[in-house]
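All remarks here apply to the structure that follows.
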Amino acid sequence: MQGVDGKRVAALIGDGFEEIDLMEPRRALEEAGAVVTIVGLDERSRQRIRGKRGLDDGQSVRAEELVADCTAEDFDALLLPGGTSPDRIRTDREVHRFVREFDAAKKPMFAIGHGAQVLISSQLVRSRQVTGAHAIADDIRNAGGLYRDQPTVGDSNWVSTRGGDDMAQFNRAMLEKLAASAPPQPV
């Protein structure tokens with residue numbers, strides 16, 4: 001897709017990421033020519049980050065980079081898949097730093113389902129329109145965000161979605177936002 005080719009997207013995950021929340025956007029991004037890099041929390045994540053498929057075990061992946069070694073300058077956009085992963089990574093100071101750098105630079109950020117929990121813990125949702133899993137609607141509101149019960153919500157550099165049932169619409173909005181953003185970062 002024009003405007004996406006060569007752009008680098010960091011997929012920030014921990015154990016318990018929802019398989020469809022990583023695999024479907026990753027497929028869409030890579031088919032459009034983007035490069036998706038799995039970013040984990042610690043050395044253990046270089047061996048295995050466990051995914052889930054609903055309540056069942058899902059596909060595992062390995063981190064290609066660690067969040068402490070990355071900056072927003074290394075990437076063009078950030079993907080925050082849902083599942084229980086966001087709850088596991090949301091208290092990490094390096095995660096907060098990394099996410100805030102993307103937002104400060106107005107680079108595209110994509111949150112799926114519970115992924116908005118990372119935005120909440122990074123203290124970024126006040127006065128922002130966002131959607132996510134119904135289970136975190138109160139969390140978004142309590143953090144000062146404007147929860148929208150819609151398939152996909154855009155607000156400035158953010159695109160968020162409720163979850164897997166809304167993935168086709170989310171992928172389109174994600175690719176449009178990425179295509180409209182600044183040219184790819186030099187490697």
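Rounded to the nearest 20, the Cβ-based charge dipole of the chain about its Cα centre (Lys and Arg +1, Asp and Glu -1) stands at 300 debye. Within the shell defined by Cβ-Cβ distances under 13 Å, the residues around Q59 carry a net charge of 0, with Lys and Arg each +1 and Asp and Glu each -1. Restricting the range 51-84 to trypsin sites (Lys or Arg not before Pro) that sit in a DSSP loop and have at most 11 other Cβ atoms within 10 Å of their own Cβ leaves R62. Spin-label pair L55-L146: with each label point 7 Å from Cα along the Cα-Cβ axis, the two points sit 3.7 nm from one another.
Averaging the sequence gap over all C-alpha pairs within less than 8 Å and six or more residues apart, then dividing by the number of residues, gives the range 8-180 a relative contact order of 20 percent. Cross-link partners of K106 among lysines, defined as those whose alpha carbon lies under 17 angstrom from its own and excluding same-chain residues fewer than eight positions apart: K7, K177.
Per-peptide packing, taken as the mean over residues of other Cβ atoms within 10 Å, places 112-124, 145-157 in the sequence 112-124, 145-157 from highest down.
The numbers here are math on the coordinates, done by the rules we state, and not lab data. Bear in mind the structure is a predicted one, so any value in this text is a computation, not a measurement. Quick reminder, even Gly has a Cβ in these numbers, built from the backbone with ideal geometry, and neighbours come from all protein chains shown.
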